[in-house]
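Participant: Quick one: the structure is below, questions incoming.
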Amino acid sequence: MKIVLGADHGGFELKEIIRAWLEEKGHEVTDTGCHSSESVDYPVYAKKVCEMVSDGSAERGILVCGTGIGMSMAANRHAGIRAALCHEIFTAEMSRRHNDANVLCMGGRVIGSALAMEMVRTWIETPFDNGRHSRRIAMFDTVSDID
Ligand code: RB5
């Protein structure tokens, strides 16, 4: 799978571990940075990742900051992005099954690398359930029309 990664300084270490794990599993990984633990602004990396997911040059994106909160807020401002902030396996799975999440956000200061790897594995392998969930996701684009 083509996967694009991004992180700020709070997520840098976990992003490095995720990149190595994905590459070892044979995924085609693009790493947009950051490339050190020097302080940077997370919306910059959210934008790089979301643009690649939106234009189809990556199938999925993974964003890591200290908590995952800023990355998820920034990512969900981008058209066509359904970013899910997850810190355990159940929500990682459900974000795929019910929400067709195309970006996974995690907190590098919240979870350990072993859990993160299992979440990433689950998130990559779990398909969207479609059905009634497609209708609900389509409503994201017309929120002002909802009564
Ligand atoms: C950076 O200190 C921190 O604010 C950032 O990584 C993230 O947690 C924001 O939501």
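Taken together, the values in this text are just the output of simple stated rules run on the coordinates, not laboratory data. Remember, it's a predicted structure, so these values are computed and weren't measured experimentally. Glycine gets a Cβ as well: all are built from the backbone with ideal geometry, and neighbour counts include every protein chain shown.
Participant: May I ask you to derive the FRET efficiency for TRP21 and LYS47 from their Cβ-Cβ distance with R0 = 35 Å, giving the value to the nearest 0.05? The partial results should precede the final answer.
Facilitator: Details: r = 24 Å, r/R0 = 0.70.
So, using R0 = 35 Å, E works out to roughly 0.90.
Participant: In addition: To make sure I understand, if each residue's beta carbon is the centre and we count other beta carbons within 10 Å, what order do VAL143, VAL53 fall in, fewest to most? Please list the in-between numbers first.
Facilitator: Numbers: VAL143 7, VAL53 23.
Sorted ascending by nearby Cβ count, the order is VAL143, VAL53.
Participant: Now for a different question. Measure nothing but the geometry: give the 0 to 90° angle between the long axis through the Cα atoms of 42-54 and the longest principal axis through the Cα atoms of the chain, rounded to 10°.
Facilitator: Helix 42-54 sits at roughly 50 degrees to that axis.
Participant: If you don't mind, another one. Can you spot the lysines whose alpha carbon is less than 23 Å from LYS25's alpha carbon? Ignore those fewer than 8 places along the same chain.
Facilitator: Result set, ordered by chain and number: LYS2, LYS15.
Participant: How much length is gained on full extension from ILE69 to GLU13, taking 0.36 nm per residue of separation minus their Cα-Cα distance?
Facilitator: Full extension of this stretch gives 18.5 nm more.
Participant: Angle check, please: helix 12-24 long axis (alpha carbons) against the longest principal axis of the chain (alpha carbons), in degrees 0 to 90, nearest 10.
Facilitator: Result, in degrees: 80.
Participant: Please determine, in degrees from 0 to 90 and to the nearest 10, the orientation of helix 113-125 with respect to the longest principal axis defined by the Cα atoms of the chain, where the helix direction is its Cα long axis.
Facilitator: The two axes meet at around 40 degrees.
Participant: In what sequence do CYS105, CYS50 fall when counting other Cβ within 10 Å, fewest first?
Facilitator: Neighbour counts put them in this order, fewest first: CYS50, CYS105.
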